[in-house]
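> Take a look at the following structure, please.
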Amino acid sequence: MFKSYNVPKMSVNYEEVVKKSRFIVDIANTDDLASAKAFIAGIKLKYSDAGHHCWAHVAGEPGGSHVLGFSDDDEPNGTAGKPMLNVLVGSGIGDVTAVITRYFGGVKLGTGGLVRAYGGCLNNAMQMLELTEKIPEVIIFGSSDYAHQNVIEQILSGYIVMDISKKFTDKVIWQVKMDARSFNSVITEIKNRTSGNVVFELEE
């Protein structure tokens, strides 16, 4: 159900000239559609005098069609956005948006030339991209007697945990952000090692 995947570690800016046209590639980490749109808008503003700002994104986990998008931005249909999307999808990377800004140099490239230029420039820029693994996260919560605090902390230390929040009332109130792939194991282990006295649940 949950899986990790590679995402851009940092943004990339790359430039290439193809038959006098200047192609500027910008790639960034965008983990949802809103951040993808904001990145595209920022690039358009940065190069506001350019003729085209073609883009493609996988704004989330790779393999999810709802996070895919592309635009030819007035280039001939199918010559820019789709070749760019093909490069992104083929890379297997998620949370990524690419924008290619084109300054026309006076020489027409033709439809085949445009496909090669947009796909090729993005592919070259992708070689510069540093990646990092994105671990899926969930939050589990529960409450325990103070007597169980040490054993719960000991259990959690054996897993990938991003954050532990505790409130101390008559009981210890726990909120744990952790690797989604192992939350079931944690919940089961806590229940077993406290003889069923402590039950954690997944936050909806």
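Here, each number is a calculation from the coordinates, and none is a lab measurement. All values derive from a computational prediction rather than experimental measurement. Heads up, the Cβs are rebuilt from the backbone with ideal geometry, glycines too, and the neighbour counts pull from every protein chain shown.
> When the Karplus curve 6.51 cos²θ - 1.76 cosθ + 1.60 is applied with θ = phi - 60°, which whole-Hz ³J(HN,Hα) does each residue of the stretch 80-87 get, with x for Gly and Pro?
Once θ is set to phi - 60°, the couplings for the stretch 80-87 become 10, x, 5, x, 5, 4, 4, 5 Hz.
> Select from Gln149, Gly106, Ala28 the residue farthest towards the positive end of the dipole of the stretch 1-154; place +1 on Cβ of Lys and Arg, -1 on Cβ of Asp and Glu, and compute about the Cα centre.
Gly106
> From the phi of every residue in the stretch 108-120, what ³J(HN,Hα) in whole Hz does the Karplus formula 6.51 cos²θ - 1.76 cosθ + 1.60 yield, where θ is phi - 60° and glycine or proline is x?
So the Karplus estimates, Gly and Pro as x, are 6, 8, x, 4, x, x, 5, 4, 5, 5, 5, x, x Hz.
> Go ahead and estimate [θ] at 222 nm for the chain from helices alone: -39,500 (n - 2.57) per DSSP H run with n ≥ 4, summed, over the residue count, rounded to 500.
That calculation yields -9500 deg cm²/dmol at 222 nm.
> Residues in the stretch 120-162 near a label at Arg193, defined as backbone nitrogen under 11 Å from the 7 Å Cα→Cβ point?
149-159
> I need the calculated FRET efficiency for the pair Ser35 and Arg116, taking r as the beta carbon distance and R₀ as 35 Å, to the nearest 0.05.
Given R0 = 35 Å and the Cβ-Cβ separation, E is 0.75.
> Return the label of the correct value of percent of Cα pairs over 31 Å apart, as calculated from the structure shown, out of (1) 21; (2) 11; (3) 39.
Looking at percent of Cα pairs over 31 Å apart for this model, the match is (3).
> Going by C-beta contacts inside 10 Å, put His57, His52 in order with the fewest on the left.
Working: His57 27, His52 21.
The most exposed by this proxy come first: His52, His57.
> Next question, about the same structure. Taking the Cβ of each residue in Glu61, Glu203 as the centre, tally the other Cβ atoms inside 10 Å and list the residues starting with the fewest.
With the sparsest Cβ surroundings first, the list reads Glu203, Glu61.
> Rank the residues Phe70, Phe23 as a footprinting-exposure proxy: fewest other Cβ atoms within 10 Å of their Cβ go first.
Sorted ascending by nearby Cβ count, the order is Phe70, Phe23.
> To the nearest 20 debye, what is the magnitude of the charge dipole of the chain about its Cα centre, counting +1 on the Cβ of each Lys and Arg and -1 on the Cβ of each Asp and Glu?
Once rounded to the nearest 20, the dipole reads 560 debye.
> Determine the shape class of the stretch 19-65: with a ≥ b ≥ c the square roots of the Cα gyration tensor eigenvalues, call it rounded for a/c under 1.5, and otherwise prolate if a/b is greater than b/c, oblate otherwise.
It is prolate, given that a/c is not under 1.5 and a/b is the larger ratio.
> Still on this structure, please answer the following. What's the magnitude of the charge dipole for the stretch 136-202 around its Cα centre, counting Lys and Arg as +1 and Asp and Glu as -1 at the beta-carbon? Answer in Debye, nearest 20.
40
> Another question, then. Can you give the relative contact order of the chain as a percent, counting alpha carbon pairs under 8 Å and 6+ residues apart? It would help to have the intermediate numbers written out before the result.
Working: 411 pairs, mean separation 47.1, N = 204.
Reported as a whole number, the value is 23 percent.
> Using θ = phi - 60° and the Karplus relation 6.51 cos²θ - 1.76 cosθ + 1.60, list the HN-Hα couplings for the stretch 169-185 in order, rounded to whole Hz, with x at every Gly or Pro.
Once θ is set to phi - 60°, the couplings for the stretch 169-185 become 10, 6, 10, 9, 9, 9, 9, 10, 9, 8, 4, 5, 6, 10, 5, 4, 5 Hz.
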